[in-house]
1. Only one of Arg261, Arg253, Arg223 is crowded, with 19+ Cβ neighbours inside 10 Å and not assigned by TED's automatic domain parsing to the domain that holds Leu200; which?
2. Can you name the residue in the range 338-356 that is surrounded by fewer than 20 Cβ atoms within 10 Å (Cβ to Cβ) and more than 13 Å from the ligand (Cβ to nearest atom) and, of all such residues, is farthest from Leu10 (Cα to Cα)?
3. May I ask you to verify whether Arg24 is modelled with pLDDT of 95 or more, near the ligand (Cβ under 9 Å from one of its atoms), assigned by TED's automatic domain parsing to the domain that holds Leu113 and not small (Gly, Ala, Ser)?
4. Tally up the residues in the range 321-337 that are within 15 Å of the ligand (Cβ to nearest atom) and surrounded by fewer than 23 Cβ atoms within 10 Å (Cβ to Cβ), please.
5. Taking Gly138 as meeting all but one of (1) surrounded by fewer than 19 Cβ atoms within 10 Å (Cβ to Cβ); (2) farther than 27 Å from Val338 by Cβ, write down the number of the exception.
6. Quick check on the range 199-210. Is at least one of its residues under 22 Å from the mean Cα position of the chain (by Cα), at pLDDT below 95, at negative phi and not assigned by TED's automatic domain parsing to the domain that holds Ser59?
7. Which of the residues belonging to the range 114-123 are out of contact with any Asp or Glu (no Cβ under 8 Å at 6 or more places or on another chain) and assigned to a strand (DSSP E or B)?
8. Take the range 191-232 and flag every residue that is among the hydroxyl-bearing types (Ser, Thr, Tyr) and more than 28 Å from Thr356 (Cα to Cα).
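The values are calculated or read from the model by the stated rules, or taken from the named source; none is laboratory data. None of the values given here were measured: they were computed from a predicted structure. Cβ: placed from backbone, ideal geometry, glycine included. Neighbour counts: every protein chain shown.
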Amino acid sequence: MDTAFDTDYLVVGAGLAGMAFTDRILEHSDATVTIVDRRDAPGGHWRDAYPFVRLHQPSASYGIDGVPFGSERRDTAGHNAGLYELAGPDEIRAHFEQAMQQRLLPSGRVRYLPNCEHLGDGRLASRLHRGQWQVRIGRRLVDAAYVAGEIPAVGPPPFAVADGVRCVPAGALARLDGPAPERYVIIGAGKTALDTCAWLLESGVPPEVITWIRSREAWWLNRRFQQPFELLPDQVVANAEMLAAMARSGSVRELFSALERSGMLLRIDESVAPTMFHGAIVSEAEVALLRTIEDVVRLGRVRAIERDRVVLDGGELPSGPGTLYVHCAAAGLARPPVRLIFEPGRITMQPMFWDTASFQFAMIGVAEATIDGDEARNALCRPLRYWDVELDFLTSFLALMRSSGSRAAHPELAAWARGTRLHPYRDLARWADDPRVAAARALSRASVRAATENLERLVEAERSGASAVPRPNPAAV
Ligand SMILES: Cc1cc2nc3c(=O)[nH]c(=O)nc-3n(C[C@H](O)[C@H](O)[C@H](O)COP(=O)(O)OP(=O)(O)OC[C@H]3O[C@@H](n4cnc5c(N)ncnc54)[C@H](O)[C@@H]3O)c2cc1C
C-alpha cells in the first residue's frame, strides 16, 4: 500500500536533535512536522543505553526546551555528591516520551511515525508491515541523524572476537549469565569505558582484577565547573579564568597546563599527555576512583581477541579463560564532512560551537523559524565537526566566541537564549549583586577580545607545526 501525505518539515530521527528542533518550530511558527524514526519510541540512542549510564551534565540543562527536566536537587552520595543530579536512562527516556506525548503530539501539528525507516527523498517504509509512504515536503527535510553517534549496544565490536571468548557490550554487564569473571578487560577510552570501570569499582569489583585498554588518553571537563543554580558562580569564575588563560598563554601546551592547574580540565593519568577531547564531563571523585585501576594498557587499538591473546596495534597481551572482555569501543559522536546547515529544501543538524547539544539543536529550530533567508541563517549557524582531539576544544570555543556577538544582535534569538533552561548561564540574573560574579564578569569582558585573537594565533601555530607564538601584549588582556 502506498500513501502520500503533506507536511511542512519531515524530521528524520526522534532523538535529541530531531525533537529539540521540532519543539522550537512549534513554538516559533505555525508549521506542521512529521517525525520518523526506525526505533520504536522517542529518545534516539538512549533507548539502547546501558543501565548504569547517567547524563554527564546536570539534567536541568538537558533535553527538550519546552519540557521541564531535573530539579534543583543535589546528590548527597556517590561520586556526584555535592553536585546537581544527573538523570539515568529511565528518566531520560521518560523525558523524551513526555515531550512527545504531552507537548509535540497535543499541538495537533506533529505526526510521529516510529518503527519507520526513511529511505531517502521523503520515502518512508514501515518496519512492521509492508506499507510505504511518500511524504510531500512543503518546506524542508531535516536530517537529524547526520551526526548521530554509534553505541556499543547496537553494533558489533570494531575488532575480531574468536569463538569461545566472552566479549559483551557494556550494557550486558549488568545482567551477566554464567560464572562471575576472574578478570575484566575494558576496551575503550571514552565515556562508556569510564562509566563501566566506575560502575564495576562501585559494585565492589577489586581494581586488581580490572585491565583497562585505552588507545588514547583523554582530557575530561571537571563537573564542578559545569553547575547551575547555587553553584553557578563557580562556573562563572572558572570561565572567566579560562578566558584570561586563553588570552595570555603562549602555546597550546601552556594553555592546557593552565586549564589543568585551575582544575577546569582533568586527566586520569597525570604522567601521560592526553590527545583526545570528546567533551565529556566527570567529577573529581570519579577520577580518583578510576586512578585505582593500575593495569592500563596503551598499545593502540585492539585488532582481535583470540583465545589465548589480545592482538593490538602495538603488541599483544596474554589472555585466558575466565576473562570477560567489555566492548566500549564504538565511535561515539559521528564526524561526517560538515555541510551547510540550511540548504534549499534541507536542514542538516550539526554542532556549531562549544556548548551543549540540547542548546545548539534547539537554536537551529529557533533560527529556522525566526530568521529570514538561508544566507543570514548560515552566517549565524556555522557547522563544525564534533570534537575529537584536544585542539577541537579550542576551535569550538573560538567558534562560540566569534558567533556570540552576532547571535546577541539578533533580537528573537537573543531573547530565546536568555530565557531557555538549556542555557548554562540561565540563572545569571540571580547573581547580579554578587561581588565574586561581578568581578568574574568584568574579567571575562576584559579578556574576551584578547582571548579570541590569541586563540586564533595558537590554533594556527599548532596546525602549522609551530609550537609557540609570541605572547600577546599583557596590557591588551
Ligand atoms: C553514553 C552517552 C552519554 C551522553 N551524555 C550526554 C550528556 O550528558 N549531555 C549531552 O549534551 N550529550 C550527551 N551525549 C551525547 C548525545 O549523543 C546527545 O545528547 C544526543 O542524545 C544525541 O542525539 P541525536 O538526536 O543527535 O542522535 P540519536 O540519539 O542517535 O538519534 C538519532 C535517531 O535517528 C534515527 N535514524 C537514523 N537514520 C534513520 C533513518 N534512515 N530512518 C529513520 N530513523 C533514522 C535513529 O534510529 C535514532 O533514533 C551522550 C552520549 C552518550 C553515548
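1. Arg223
2. Filtering first and then ranking leaves Val338.
3. no
4. 7
5. (2)
6. Taking every residue of the range 199-210 in turn, none turns out to be under 22 Å from the mean Cα position of the chain (by Cα), at pLDDT below 95, at negative phi and not assigned by TED's automatic domain parsing to the domain that holds Ser59.
7. Residues satisfying the conditions are Glu117, His118, Leu119, Gly120, Arg123.
8. Those that are among the hydroxyl-bearing types (Ser, Thr, Tyr) and more than 28 Å from Thr356 (Cα to Cα): Ser203, Thr211.
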